[in-house]
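The values are calculated or read from the model by the stated rules, or taken from the named source; none is laboratory data. Everything numeric in this text was worked out from a predicted model, so none of it was measured. All Cβ positions, glycine included, derive from the backbone under ideal geometry; neighbour counts span all protein chains shown. Please note that ligands, DNA and RNA were not included when accessible areas were found on the heavy atoms of the full protein model with its side chains. Shrake-Rupley method; radii C 1.70, N 1.55, O 1.52, S 1.80 Å.
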Amino acid sequence: MAETNPYLANPRWVVAEQVADIARRRYPAGVLAIGAHGSLAHGDDTDTSDVDLVVVTYKPGAGPRPVTRRVDGILVDLGVVAADEYIQHARTLSTSWPLAADRYVTTRAIYDPNGWFERLRDTHLGRLAEAKSLEFTTLAREAWCRAFSAHARAVRLTQWYETDTAMLMIGEARLSAAMVVGLLSRTYFRNSADAVKRTGLAGVDMTELGVVLRDQAKELANRGRPVDATVNQVFES
């Protein structure tokens, strides 16, 4: 008996396959693999979820152009990246790692005759196995500095009654603080909303976030990467 694909019952998956099929037919010599990431790849998207696709090409400049369009009421976000470049991304750790890692390990293939997405996943997992705790702690300190800066700006803007702009800054501060949690615990998230929700930062106000940042600063110091430095230490890692 042929194996049924439960994703086919999802209208978003149908749109994803249609887009992938057109990309393959129009660029047969350029496309190496096509996959879906985000909520669609996890199979539990809601009625408001988008179709997030990635087209992997054999070389830079091949394949379709990146585009975001609405198709039958569904937003399709098509990213395009060369295979070598994507592999390099998978081996690179940054302050945004908690948001990027989900693509490396959970992308669901739509077209992948050579098992390329498995290679991407294994490359990233291998990089994680090599990474030392100090590397993640250093990145967490950078993310903390961004959170602190955004929080401080939000406080000043509130004092100046610039409430709307302050709300934007507090949102940035929450997300950066969530990155600190993700980096220190090596936890990755599907997207920004998932990050602040799972770390408990989605509903914190400005005062509560200040307490969170102080606690994070203490934890970073305990791990050997204090957030404060002398002038002579600015250029030290």
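Total residues in the stretch 25-76 satisfying the condition of being part of a loop (DSSP other than H, G, I, E, B), open to solvent by less than 70 Å² (accessible area, probe 1.4 Å) and more than 17 Å from Asp194 (Cα to Cα): the figure is 5. Residues that are open to solvent by 20 Å² or more (accessible area, probe 1.4 Å) and under 22 Å from Asp228 (Cα atoms) number at least 2 in the following helices (runs of 4 or more DSSP H) confined to the stretch 114-185: 133-159, 163-185. The set of residues from the stretch 94-105 being touching a residue at least 40 places away in the same chain (Cβ under 8 Å) and either open to solvent by 20 Å² or more (accessible area, probe 1.4 Å) or not in a loop (DSSP other than H, G, I, E, B) (or both) comprises Ser94, Ser96, Trp97, Pro98, Leu99, Ala100, Ala101, Asp102, Arg103, Val105. Hey, among the residues in the stretch 82-91 that are among the hydrophobic types (A, V, I, L, M, F, W, C) and out of contact with any strand residue (DSSP E or B) (no Cβ under 6 Å at 6 or more places or on another chain), which one's surrounded by the fewest Cβ atoms within 10 Å (Cβ to Cβ)? Restricting to residues being among the hydrophobic types (A, V, I, L, M, F, W, C) and out of contact with any strand residue (DSSP E or B) (no Cβ under 6 Å at 6 or more places or on another chain), the top hit is Ile87.
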